[in-house]
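Below is one structure, written out as C-alpha cells, with a few remarks after it.
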Amino acid sequence: MSAPTARAWEESYEEHEGGQGEGDEWPEPEERSATAPRHLAGWLFADLFLVLFVLVLGLLPPAPREKKEPVVDPTGSAPASDAPPGGKAVAGGIDPKYHTVGVALSAQSTVRAGQRKALTSADAAKVTAAVAREVARSGNGRRVGMLITFGGAPHFEENARTLARHTNAALLKEAPKLFCGGNVGTRPFWDGDPLGDGRRSYDAVRVDVYYTNSCEED
C-alpha cells in the first residue's frame, strides 16, 4: 500500500475538524439577514405606539374654562367691575415696581441713631412730607404696602440700620392714611450712598416705596 499523499492528509484533517468542504457554500448576506432576531419587531411596535400616543395628546383641545356667572344685584343696579377706573385690570398684591425717595437728615442723625428711640420731630416731618409727595405723584390712588429703607453710612454700621428702622416707624406713625392699615411690610438696611450722588453717605435715608394694588385693612 502506498503512503497517503499530502492532499489526502488535508482532506482528512478538514473532515475531522468539521471544516467546510469544497462543495459547500456560505449563505449570501440576504439569507443571513433573514435570520435576524424577530423579537426586535415588538420593540419597534412599542416605540411607534408611544410616538402616536404623544401626538394624539398634543392634538387634543384644551379643557374648557368654567364660566363665571354674573352676580345679580337685587336692587337692579349694575354689578361693580373689578377693573380700576381706567379700564385696565390690575393684578392684586404688591406692585414690584418701586419708587425711590431720598431725604437728607439733620447732622449726626446716623451717629446718634443708636442713642435715640426715634427720629427727631424735624427729621420725621421731613421724611413724611417727601414720601407723601411721591405717593401723590405716582400712587394713582393706591396705598403703600411695603417700605424698604436704607440708612446712610460709608460702610456697614448698625446705626445706619437703626436710622432706617426709625424712619419706617416715623412714616407709619405720622402718615397712617398713606399705608394699607397694618398690612405693611418694612425692612431696614444699610447703604453707602443713599442719595445716589456720591457725596453724602451719613445722615441720609433712601426709602423704596412699594404700592399695593388691592388693600384689605386689618
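Which of rounded, prolate, oblate describes region 148-218, given a ≥ b ≥ c as roots of the alpha-carbon gyration tensor eigenvalues and a/c under 1.5 marking rounded, otherwise prolate only if a/b is larger than b/c? Can you show the working numbers first?
Details: a/c = 2.79, a/b = 2.24, b/c = 1.25.
Prolate is the answer for region 148-218, as a/c is 1.5 or above and a/b outweighs b/c.
Quick check: pseudo-label points 7 Å beyond the Cα along Cα→Cβ at Phe49 and Asp193, how many nm apart are they?
6.8 nm
Based on the mean of other beta carbon atoms within 10 Å per residue, what is the order of 162-168, 200-206, 109-115, most packed first?
162-168, 200-206, 109-115
Rule-based calculations on the coordinates, nothing more; no lab input. Bear in mind the structure is a predicted one, so any value in this text is a computation, not a measurement. Don't worry about glycine lacking a Cβ; one is built from the backbone with ideal geometry, like all the others, and counts go over all protein chains shown.
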